[in-house]
Amino acid sequence: MIKQLIAAIEPLGYPIFLQGSLNDNEAYPESFFTYWNFQANDTKAFDNDASICEWGYWLYFYSSNPTLVETEILRAKELLKKAGFEVWGKGEDIKSDVISHTGRMITAYFYENY
């Protein structure tokens with residue numbers, strides 16, 4: 001499912017990393033996405049067998065340009081929705097580990113049928 005998430009937002013042209021995978025000794029790119037898979041829950045059908053996996057992702061966008069933080073996370077939201085993800089709301093502010101960048105995040109779900 002990570003491949004689908006990445007493929008959906010790749011057209012925006014920013015680097016995409018697993019959250020927390022940037023080396024502390026590396027300079028941050030000017031703007032970039034990170035993601036974190038926070039759930040992959042099976043749901044049961046009436047026959048006591050899993051029929052759907054509910055994938056949950058947090059998608060983060062960081063930038064040294066605060067205007068991009070607002071606009072690009074919303075562009076990503078629209079691309080994710082077109083790719084079959086459910087995304088509600090306009091995101092939340094998030095803390096950055098460096099003073100030069102600010103960030104914003106959205107929560108995206110994908111329901112994979114078995």
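A search for C-beta distances below 9 Å between a residue of the range 93-109 that is in contact (Cβ under 8 Å) with a residue 60 or more places away in the chain and any residue that is of a type in the set (Lys, Arg) and open to solvent by less than 30 Å² (accessible area, probe 1.4 Å), counting only pairs 6+ apart in sequence or on different chains, returns Ala108/Lys77. Within the range 9-27, the set of residues being at pLDDT 95 or above and small (Gly, Ala, Ser) comprises Gly13 only. Looking across the range 84-114, the residues that are part of a strand (DSSP E or B) and not charged (D, E, K, R) come down to Val87, Ile94, Thr102, Gly103, Met105, Ile106, Thr107, Ala108, Tyr109, Phe110, Tyr111, Asn113.
When the range 18-50 is filtered for residues that are part of a strand (DSSP E or B), open to solvent by less than 80 Å² (accessible area, probe 1.4 Å) and over 27 Å from Gly89 (Cα atoms), only Ala50 remains. Tallying residues that are in contact with a Lys or Arg (Cβ under 9 Å, 6 or more places away or on another chain) and buried (at least 20 other Cβ atoms within 10 Å of the Cβ) within the range 64-76 yields 3.
In the set (1) closer than 18 Å to Gln4 by Cα; (2) open to solvent by 90 Å² or more (accessible area, probe 1.4 Å); (3) not β-branched (Val, Ile, Thr), the condition left unmet by Tyr60 is number (2).
Scanning the range 65-100 for residues that are touching a Phe, Trp or Tyr at 6+ places or on another chain (Cβ under 8 Å) and not aliphatic (A, V, I, L, M), which turns out farthest from Lys3 (Cα to Cα)?
Per the criteria, the residue is Ser100.
Pairs are defined by a Cβ separation below 7 Å, a sequence spacing of at least 6 or placement on different chains, a first member in the range 28-54 that is under 20 Å from Met1 (Cα atoms) and modelled with pLDDT under 90, and a second member that is open to solvent by less than 40 Å² (accessible area, probe 1.4 Å) and assigned to a loop (DSSP other than H, G, I, E, B); the pairs so defined are Ser51/Ala45.
Taking the options Leu79, Leu5, name whichever one is open to solvent by less than 70 Å² (accessible area, probe 1.4 Å), within 26 Å of Glu112 (Cα to Cα), in contact with a Pro (Cβ under 9 Å, 6 or more places away or on another chain) and not in a strand (DSSP E or B).
Leu79
The values are calculated or read from the model by the stated rules, or taken from the named source; none is laboratory data. Model, not experiment: these values are computed from the prediction. Note that each Cβ is placed from the backbone with ideal geometry, even for glycine, and that neighbours are counted across all protein chains shown. In case anyone asks, the SASA skips ligands and DNA or RNA and just uses the protein heavy atoms, side chains included. Shrake-Rupley method; radii C 1.70, N 1.55, O 1.52, S 1.80 Å.
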